[in-house]
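Asks: Take a look at the following structure, please.
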Amino acid sequence: MTAPAAPSFATREDRAAALAQAMRDRILVLDGSWGVLIQGYGLNEADYRGQRFKDWPQDLKGNNDLLILTRPDIVSGIHRAYLEAGADITSTNTFSSTTIAQADYGMESLAYELNREGARLGREVADEFTAREPSKPRWVAGAIGPTNRTASISPDANDPGARGVTFDELRAAYAEAARGLIDGGADILLVETIFDTLNAKAAVFAIDEVFEERGVTLPIIISGSVVDLSGRNLSGQTVEAFWNSMNHAKPLAIGLNCSLGPSQMREYVAELSRVADVGVSAYPNAGLPNEFGGYDETPEDMANHLGEWARAGLLNIVGGCCGTKPPHIAAIAEAVRGLPPRVPPHHEPRLRLAGLEPFEVAR
């Protein structure tokens with residue numbers, strides 16, 4: 001008997017259809033931290049500058065996204081390491097590739113190029129792995145970080161009404177990032193590490209505008225960050241209120257990442273799993289930072305926690321954030337292998353609103 005042919009993966013539409021099917025079939029694995037691997041290379045100022053930026057008037061060390069242009073070998077190598085470890089989805093090295101975040105280095109004009117080239121590098125490596133193993137296709141998630149400004153909170157303790165950025169400034173910055181990621185070949189737009197829901201609303205608004213402008217639509221993953229054990233993000237919303245604020249975007253998945261380790265994050269992922277009628281993603285840190293700023297959860301620790309989440313029916317997409325490396329992702333991938341994905345609940349249509357707390361209008 002002839003084995004069924006592998007699905008076509010040649011076009012953006014093919015990849016989107018394969019992603020939707022994979023989400024129904026299994027728990028997908030996202031990659032881990034980029035920063036911790038880049039730190040491991042011990043790069044100096046000259047590595048960041050390369051030849052192109054050797055005379056740049058500001059220090060560039062620490063601008064990890066710039067390595068897309070000056071050390072693409074490192075960026076491709078990290079994509080490859082996580083896919084070798086078993087990740088289904090590799091995220092781009094574009095967390096800070098917005099005009100707002102790149103302003104710290106005077107590199108606002110590079111935002112589009114960073115996103116386009118970051119997505120292109122991820123696309124090349126993902127396609128290499130898909131060609132090697134067509135039964136396990138790989139996808140590229142274009143990472144869009146929260147910027148280093150907040151639309152809801154004053155940067156001045158003496159002036160509660162002050163704001164460091166406007167909605168329209170955020171909207172323009174996110175739109176530029178989205179254009180680059182789409183043009184570079186991303187399969188998914190990953191709006192991640194959201195500490196301020198208004199920032200995320202600006203991102204979703206901008207992405208919708210770019211979809212209309214480009215005549216394409218990509219799946220979106222929205223991932224918030226609970227900043228402490230209060231279960232709220234920095235702008236004060238609970239997990240359920242965050243979902244009520246973002247469900248209009250109809251994301252492929254909504255989830256949590258960063259800030260907490262798996263033992264602290266579980267109850268909030270469970271809450272999101274209860275209320276969200278789309279996929280749920282989770283990629284916690286490798287524990288809480290120790291006194292040296294490092295992370296101590298071993299791959300086995302992470303796998304034990306996240307394997308239990310999967311068996312409890314909480315997950316559709318799982319990975320790691322700060323402190324996680326390819327061995328963590330390999331262990332997580334093995335822990336969830338063969339386990340069924342979470343089935344989103346069905347909720348009766350009701351008016352569901354949100355301030356800092358959720359509010360549901362009963363019939």
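Asks: Quick one: count up the residues across region 41-64 that are closer than 30 Å to residue 316 by Cβ and surrounded by fewer than 19 Cβ atoms within 10 Å (Cβ to Cβ).
Replies: 0
Asks: Take the residues in region 180-194 that are within 15 Å of the chain's Cα centre (by Cα) and among the charged types (D, E, K, R), then tell me which one is surrounded by the most Cβ atoms within 10 Å (Cβ to Cβ).
Replies: Filtering first and then ranking leaves 192.
Asks: Output the residues belonging to region 191-213 that are farther than 17 Å from residue 233 by Cβ and of a type in the set (A, V, I, L, M, F, W, C).
Replies: Across region 191-213, the qualifying residues are 205, 206, 207, 210, 211.
Asks: Then there's this: Look at residue 272 and say whether it is of a type in the set (A, V, I, L, M, F, W, C) and assigned to a loop (DSSP other than H, G, I, E, B).
Replies: So residue 272 does not fit the description; no.
Asks: So how many residues does region 219-248 have that are surrounded by fewer than 22 Cβ atoms within 10 Å (Cβ to Cβ), touching a strand residue (DSSP E or B) at 6+ places or on another chain (Cβ under 6 Å) and within 24 Å of residue 140 (Cα to Cα)?
Replies: Of the residues in that region, 2 qualify.
Asks: Only one residue in 352, 342 is more than 30 Å from residue 39 (Cβ to Cβ), touching a residue at least 40 places away in the same chain (Cβ under 8 Å), in contact with a helix residue (DSSP H, G or I) (Cβ under 8 Å, 6 or more places away or on another chain) and in a strand (DSSP E or B), so which one is that?
Replies: Of the residues listed, the single one that is more than 30 Å from residue 39 (Cβ to Cβ), touching a residue at least 40 places away in the same chain (Cβ under 8 Å), in contact with a helix residue (DSSP H, G or I) (Cβ under 8 Å, 6 or more places away or on another chain) and in a strand (DSSP E or B) is 352.
Asks: Separate question: Take the residues in region 260-274 that are in contact (Cβ under 8 Å) with a residue 40 or more places away in the chain and among the polar types (S, T, N, Q); name whichever of them is surrounded by the fewest Cβ atoms within 10 Å (Cβ to Cβ).
Replies: The residue in question is 263.
Asks: If you don't mind, there's one more thing I want to ask. Quick one: which residue in 186, 241, 206 is part of a helix (DSSP H, G or I) and either among the hydroxyl-bearing types (Ser, Thr, Tyr) or farther than 25 Å from residue 309 by Cα (or both)?
Replies: Of 186, 241, 206, the one residue that is part of a helix (DSSP H, G or I) and either among the hydroxyl-bearing types (Ser, Thr, Tyr) or farther than 25 Å from residue 309 by Cα (or both) is 206.
Asks: Could you say which residue among 119, 141 is touching a Gly at 6+ places or on another chain (Cβ under 7 Å), among the small types (Gly, Ala, Ser) and within 29 Å of residue 199 (Cα to Cα)?
Replies: Going through 119, 141 in turn, the sole match is 119.
Asks: I've got another one for you. Here is a list of conditions, (1) free of Cβ contacts under 8 Å to residues at least 60 places away in the same chain; (2) in a loop (DSSP other than H, G, I, E, B); (3) buried (at least 16 other Cβ atoms within 10 Å of the Cβ), and residue 171 meets all of them except one; can you say which number that is?
Replies: (2)
Asks: Regarding residue 222, is this residue under 18 Å from the mean Cα position of the chain (by Cα) and not in a strand (DSSP E or B)?
Replies: Answer is no for this residue.
Asks: Every residue in region 69-124 that is among the acidic types (Asp, Glu) and either surrounded by fewer than 21 Cβ atoms within 10 Å (Cβ to Cβ) or in contact with a Cys (Cβ under 9 Å, 6 or more places away or on another chain) (or both), please.
Replies: Scanning region 69-124 gives 73, 84, 104, 108, 113, 124.
Asks: Could you check region 60-79 and list, in sequence order, the residues that are acidic (Asp, Glu) and either touching a residue at least 24 places away in the same chain (Cβ under 8 Å) or within 14 Å of residue 42 (Cα to Cα) (or both)?
Replies: Matches in region 60-79: 65 only.
Asks: Pairs only if they're at least six apart or on different chains, beta carbon under 7 angstrom, first in region 219-232 and farther than 28 Å from residue 15 by Cβ, second of a type in the set (Ser, Thr, Tyr); list them, first residue then second.
Replies: These pairs meet every condition: 226/259; 226/268; 227/259; 231/238; 231/268; 232/238.
Asks: If you go through region 288-297 one residue at a time, do you hit one that is among the aromatic types (Phe, Trp, Tyr), in contact with a helix residue (DSSP H, G or I) (Cβ under 6 Å, 6 or more places away or on another chain), surrounded by 20 or more Cβ atoms within 10 Å (Cβ to Cβ) and under 21 Å from residue 29 (Cβ atoms)?
Replies: No - not one qualifying residue is present in region 288-297.
Each value in this text was obtained by applying a stated rule to the coordinates, not by laboratory testing. Keep in mind the model is a prediction, meaning the values are calculated, not measured. Positions of Cβ are backbone-derived with ideal geometry, glycine not excepted, and every protein chain shown enters the neighbour counts.
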